[in-house]
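Below you'll find the structure, written out as structure tokens, and then a few comments.
The values are calculated or read from the model by the stated rules, or taken from the named source; none is laboratory data. Note that the coordinates shown come from a computational prediction; the quantities given were computed from them, not determined experimentally. Here Cβ is always computed from backbone atoms with ideal geometry, including for glycine, and neighbour counts include all displayed protein chains.
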Amino acid sequence: MKTRDAPRGGTPRWSALPLAAILAAAAPSLFAQDAGDGYDFAGGYVEGSGPGRALIGLGAFNAFNRDNADVDVKNDEPSFEARAEYQWGRKWYGLGPVAGFLGNFDGGLFGYGGLYLDFVPTPGWVITPMGGAGAYSRGDSKELGGTFNFILQLDVARQFGNASRLGVRLTHLSSAGINDPNPGVNSLLVIWSFPFDL
């Protein structure tokens, strides 16, 4: 019995089916309203356009030390970190622009920009993923291999009646292999944000 070969490159034709299914499920909600509106998704709600938010955070830079001892990384120790960030309220299908800045007590600085999304799984709780890129100045802090780095982060926060939020944030910085070495660094922060329009 003859079987159909996978296309060139070795990737089966059905490998894109899960992504296609997710897009098909989300499409009716995404395109049934204006780009600035929120929409239902995965049993929760993705917030649309609204007020901007100012955010401050305090915690640990390089909170989880897991680097291989064979990799020569300068100052692989935790340090106190402070963070300031602004999330613009104007969104496009739930995605809004964000810009921020972090500094630690070893002189490390990182300025970044990216996109974020607010997902409300149940009233009063907000999960906010964010992705972006920026520039790192080491000072006497951890060596990340170069200036350019990506940033990924995830917030889980409780929203109060005045729309302020208190939560925790996990952040990962790395160059995705562009820099050598590329040890990456993780931060764990307590965050507070509040509505604030520029």
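Yes/no matrix, rows are residues, columns are (1) under 13 Å from the mean Cα position of the chain (by Cα); (2) not acidic (D, E):
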{"position": "N104", "(1), (2)": "no, yes"}
{"position": "G124", "(1), (2)": "no, yes"}
{"position": "A133", "(1), (2)": "yes, yes"}
{"position": "D140", "(1), (2)": "no, no"}
{"position": "L152", "(1), (2)": "yes, yes"}
{"position": "L166", "(1), (2)": "no, yes"}
{"position": "R169", "(1), (2)": "yes, yes"}
{"position": "A176", "(1), (2)": "no, yes"}
{"position": "S187", "(1), (2)": "yes, yes"}
Report summary line: Note on region 132-151: residues surrounded by fewer than 17 Cβ atoms within 10 Å (Cβ to Cβ) and under 25 Å from G48 (Cα atoms) are A133
Query - Residue list for region 55-74, filter: within 14 Å of K142 (Cα to Cα) and modelled with pLDDT of 60 or more - result: A60, F61, N62, A63, F64, N65, R66, V73, K74
Query raised in the report: Would a scan of region 110-121 turn up a residue that is of a type outside the set (K, R), surrounded by 14 or more Cβ atoms within 10 Å (Cβ to Cβ), at pLDDT below 95 and in contact with a strand residue (DSSP E or B) (Cβ under 9 Å, 6 or more places away or on another chain)?
Result: no
Requested in this report: Within region 157-190, work out how many residues are crowded, with 17+ Cβ neighbours inside 10 Å and either assigned to a strand (DSSP E or B) or among the charged types (D, E, K, R) (or both).
Outcome: 13
Query raised in the report: E143 is checked against (1) at pLDDT 95 or above; (2) in contact with a Lys or Arg (Cβ under 7 Å, 6 or more places away or on another chain) and fails just one. What number does that condition carry?
Result: (1)
Report task. Please work out if G94 is farther than 25 Å from G146 by Cβ, modelled with pLDDT under 95 and surrounded by 15 or more Cβ atoms within 10 Å (Cβ to Cβ). Result -> yes
Query raised in the report: Just for strands (runs of 3 or more DSSP E) wholly inside region 94-156: which have at least 2 residues that are closer than 22 Å to N182 by Cβ and touching a residue at least 40 places away in the same chain (Cβ under 8 Å)?
Result: 95-104
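Right, S193: in a strand (DSSP E or B), surrounded by 15 or more Cβ atoms within 10 Å (Cβ to Cβ) and in contact with a Phe, Trp or Tyr (Cβ under 7 Å, 6 or more places away or on another chain) or not?
For S193, the condition - in a strand (DSSP E or B), surrounded by 15 or more Cβ atoms within 10 Å (Cβ to Cβ) and in contact with a Phe, Trp or Tyr (Cβ under 7 Å, 6 or more places away or on another chain) - is not met.
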Query raised in the report: at pLDDT below 95, of a type in the set (A, V, I, L, M) and surrounded by 17 or more Cβ atoms within 10 Å (Cβ to Cβ), is that true of L102?
Result: no
